[in-house]
Amino acid sequence: MQNTSLTYLKSDNHPGIFCLITPEFNIIEMNFLQAVKIYKADEQEKAVALHKHHHAQTIKGLDYFREEKNQENIQTISRKNLSPAENKAISNLNAILKLLRLSLTAMTLLLKQLMEKRKINRITEL
């Protein structure tokens, strides 16, 4: 794997792809499990400096990602094409937002009541 670059490329509505770019600038598209095997490292493994072609290889991968063939994978994100876990997370977040709005409304009402009570107390003190 010497002098190769592995990159993950994603855009807003694209599910993303892993690209392994060889020293000859050939692109090998990989799935998640294949990429994990390459990324995996032992705790004792030492960091290595980026090789001199890393940035050029990454740009080559980006060019590949921008090709029409890959852009056909762009999808509109809706509740229908999300996983059950993602839909549950959205539902939970919406419930939290609703509670926060209710809490803010209640706090606003309480503050108004306190301010009105303070006005009444000031008038009676005069």
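The values are calculated or read from the model by the stated rules, or taken from the named source; none is laboratory data. These figures come from a predicted structure and were not determined experimentally. We place every Cβ from the backbone using ideal geometry, glycine too, and count neighbours over all the protein chains shown. Ligands, DNA and RNA are stripped out before the accessible areas are found, and what is left, the full protein with its side chains, is counted by its heavy atoms. Shrake-Rupley method; radii C 1.70, N 1.55, O 1.52, S 1.80 Å.
Can you name every residue in region 1-38 that is of a type in the set (D, E, K, R) and farther than 18 Å from H51 by Cα?
If we filter region 1-38 for residues that are of a type in the set (D, E, K, R), which is where we start, we get 10, 12, 24, 29, 37.
Passing the criteria: K10, D12, E29, K37.
Test A85 against the criterion of being within 22 Å of G16 (Cβ to Cβ), open to solvent by less than 100 Å² (accessible area, probe 1.4 Å) and modelled with pLDDT of 85 or more, and give yes or no. Reasoning before the result, please.
Details: within 22 Å of G16 (Cβ to Cβ): yes; open to solvent by less than 100 Å² (accessible area, probe 1.4 Å): yes; modelled with pLDDT of 85 or more: yes.
Yes: the conditions hold for A85.
What are the pairs, 6+ residues apart or on separate chains, where a residue within region 7-21 that is on the phi < 0 side of the Ramachandran plot has its Cβ under 8 Å from a residue that is hydrophobic (A, V, I, L, M, F, W, C) and part of a loop (DSSP other than H, G, I, E, B)?
S11/I74; N13/I74; N13/I77; H14/I74
Quick one: in region 1-56, which of the residues that are in contact with a Leu (Cβ under 8 Å, 6 or more places away or on another chain) and part of a loop (DSSP other than H, G, I, E, B) is surrounded by the most Cβ atoms within 10 Å (Cβ to Cβ)?
T4
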